[in-house]
Structure formats: C-alpha cells, structure tokens
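Comments concern the structure below.
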Amino acid sequence: MATYTKVLKEKCISCGACAVSAPDIFQYDDDGLAESILDSNKGQVEVNEDLLDDLEDAEFGCPTEAIVVQDTPFEN
Ligand code: SF4
C-alpha cells in the first residue's frame, strides 16, 4: 500500500519533533514551520518503504496532529 504525507502548516507549532524522528522526510521552511521535503509538502510523492517507521514516529509524536498521512496522493 502506498503512503503519502504532508504537514498542515497552519497546525504546526515548530516544536522540532518531526525532523528528529524523520529527518529524511521533514525539515523546516524559512518560517520555521515543518514541511515534507519529499515534494515541497505537496504530499503527492510516495514515501519510501524504508522511511515508514520514521514517518509513524513523527506522525504520532506530533503534538498538534499537523502531520497527515493517507494512502492516496493529496490534492492541492
Ligand atoms: Fe510541527 Fe508537528 Fe513537526 Fe512539531 S512535530 S514541528 S508541531 S509538524
């Protein structure tokens, strides 16, 4: 099953947790808000299977539920 992710930036409080849990998926933009580096936070590029454990850690570690995950590409 494919997996896609992005950050709902309006919910991000820049806590820093996700880039620790999943540094190959999440980093910060110029405003300090997290974003997916896989595809400029569009959520349309499939997350590599090797990164799914990191993604799960980041998703469940996010205090504001800003990280969203689904099995189809996000519409933008
Ligand atoms: Fe933002 Fe959530 Fe990442 Fe914290 S864990 S930086 S609130 S997306």
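Every number here is computed from the coordinates shown, using simple stated rules; none is lab data. Quick caveat: nothing in here was measured; it's all calculated off a predicted structure. Ideal geometry is used to build each Cβ from the backbone, glycine not excepted, and the neighbour counts take in all protein chains shown.
Observations, loosely collected:
- The set of residues in the stretch 39-67 that are closer than 20 Å to Glu10 by Cβ, more than 10 Å from the ligand (Cβ to nearest atom) and in contact with an Asp or Glu (Cβ under 9 Å, 6 or more places away or on another chain) comprises Asn41, Gly43, Gln44.
- Pairs where the first residue, in the stretch 18-31, is farther than 14 Å from Leu52 by Cβ and the second is more than 11 Å from the ligand (Cβ to nearest atom), C-beta under 6 Å, 6+ apart: Gln27/Ile37
- Residue that is surrounded by the fewest Cβ atoms within 10 Å (Cβ to Cβ), among those in the stretch 16-37 that are out of contact with any helix residue (DSSP H, G or I) (no Cβ under 9 Å at 6 or more places or on another chain) and not charged (D, E, K, R): Gly32
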